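First up is the structure itself, then whatever we jot down about it.
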Amino acid sequence: MAVKHIYIVVGTRPNFIKVTQFKRVAAMYEDIEIKIIHTGQHYDTKMADVFFEQFELVPDHFLNIPPGSPNSQTAEIMLRLEKLIKENGAPDLLMVVGDVNSTLAAALTGYKLSIPVAHLESGLRSFDRTMPEEINRILTDEISGYFFVTEQSGINNLAKEGKPEDTIFFVGNTMIDTLVAFKTKIDQSTITAQLNIADERFALMTMHRPATVDNKEGLLKLLTVIENITLYYKLVFPIHPRTLKNLSDFGLAESFNTNKNIVTTPPLDYFSFQKLIASSEFVITDSGGIQEETTFIQKPCLTLRPNTERPVTCTEGTNTLVPFDADCIARYIAEIHNGQYKSGKIPDLWDGKSSERIVRILADIL
Ligand code: UDP
């Protein structure tokens, strides 16, 4: 029986979180071997190493690309991945994950070396081409041969773009596989005690999209929103490196010091962060993945964006797109406070078994 070799390329925090179960599942198949390639796009302890440690996942190869602009990182990933493939032999399939620069760079490398490319979390569209992630999603799907999809909108988008029906697989959400697999560890986290908020009602915030945090106007608006929330709740705000850099570049980093209701932290490890989501009153974010995690655990989520590439989180889940407007946000917070906020349901196939479905499909098609 010939063994089929699969490379999964990851590069950023949300990528790591989406691939934690593949090796475990593949170990049940004699003829499937999965290797994880880490590009190094996210490279420091808090954005990368801590996740590999918690997930007990060791990348088989580390491309160790240097920090740099999106173009230089894309180019470095392509050069180093090609070299790795030339030295080790071509895998039977290259799987790329999500919508970051590593996703597109790896897909392009595979395509140009005539290696079949599969896209995990395919077909999502915000229809907003000002988002760098949207370009990565569209171009990656354009050169992929197999499409693993988390929600119905992804199937519809890929069908409209002319992808053959038999290459599109509705498998559910591997990010939820990770939440399910590590539930006990998450429950055991002591982060609320560590942050001194175990008995508090608090909101949890993350913000890192360029549209929000790369300009002073956006950051000032964000500070107003934070002021409003902290009139009613404590606010826990793990600050993404990009946001911290911009706050400091615009001279706003000290703005939090006077407000006793804000608890800022560095980016948190996975178990701590999930425990905070579960213990919070609501989450306010511009993240992609957090819209899905809150939908799964049915926690109110206010997403400060004009669009989402994950519409099922709004139509079925607990997510709401909210304009970046203090009054509007205040209205939703009042709804949550008064117990009037909508309840949601868990989308189809978000059941912790998506990685199993994908490996079964790969065993069939390769
Ligand atoms: N996350 C985390 N620690 C944090 C903030 C986020 O573990 O301090 C997790 C979060 O639960 C989700 C993922 O990181 O699983 C989302 O990453 P991010 O928001 O950076 O990326 P996006 O999903 O927007 O691409």
DSSP-loop GluC sites (Glu not before Pro) across the stretch 1-93, with at most 12 other Cβ within 10 angstrom: E30, E56
Spin-label pair T184/N156, simplified geometry with 7 Å Cα→Cβ offset, distance in nm: 4.1
Members of K46/K216; K183/K342; K18/K46 lying beyond 21 Å, as alpha-carbon distances in this model show: K46/K216; K183/K342
Stretch gain in nm, segment H337-T315, where the contour uses 0.36 nm per residue and the Cα spacing is subtracted: 5.8 nm
Shape of the stretch 67-166, Cα gyration tensor, a/c cut at 1.5: oblate
Nonlocal amide H pairs with M95, under 5 Å, H built at 1.01 Å: Y7, I8, V9, A118
Shape call, the stretch 133-242: gyration tensor on alpha carbons, a/c limit 1.5: oblate
Listed residues G123, G154, G68, most fluctuating in the chain (Gaussian network, C-alpha, under 10 Å): G68
Alpha-carbon spread of the chain, three principal axes, descending order, Å: 63, 40, 40
C-alpha long axis of helix 270-279 to longest principal axis of the chain, angle in °: 40
Using alpha-carbon coordinates, inclination of helix 326-337 to the longest axis of the chain, degrees: 90
From phi via Karplus (6.51, -1.76, 1.60), per-residue ³J(HN,Hα) for the stretch 160-176 in Hz, x at Gly/Pro: 4, 7, x, 6, x, 4, 7, 10, 9, 10, 7, 10, x, 10, 6, 5, 6
Solvent-accessible heavy-atom area per residue, rounded to whole Å², over the chain at 1.4 Å: 43
Alpha carbon centroid spacing (whole Å) that separates the stretch 231-275 from the stretch 17-43: 32
Whether the stretch 113-176 is rounded, prolate or oblate, judged on the alpha carbon gyration tensor where a/c under 1.5 counts as rounded: rounded
Efficiency of FRET from Cβ geometry, A2 and T167, R₀ 30 Å, rounded to 0.05: 0.85
Most positive-pole-ward Cα, G162, N64, L113, against dipole of the chain from beta carbon charges: N64
Calculated [θ] (222 nm, deg cm²/dmol) that DSSP helices of n ≥ 4 give over the chain, each run adding -39,500 (n - 2.57): -12500 deg cm²/dmol
Residues with amide H under 5 Å from that of T264, placed H, sequence gap 5 or more: F237
Heavy-atom accessible surface of the chain: percent carbon and sulfur, 1.4 Å: 51
Residues with amide H under 5 Å from that of G352, placed H, sequence gap 5 or more: N173, D177
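The values are calculated or read from the model by the stated rules, or taken from the named source; none is laboratory data. Since this is a predicted model, take the numbers as computed values, not measurements. A quick note on method: Cβ atoms are made from the backbone with ideal geometry, for glycine too, and the neighbour counts reach across all protein chains shown. When the accessible area is computed, the model is the full protein with side chains, heavy atoms only, and any ligands, DNA or RNA have been set aside. Shrake-Rupley method; radii C 1.70, N 1.55, O 1.52, S 1.80 Å.
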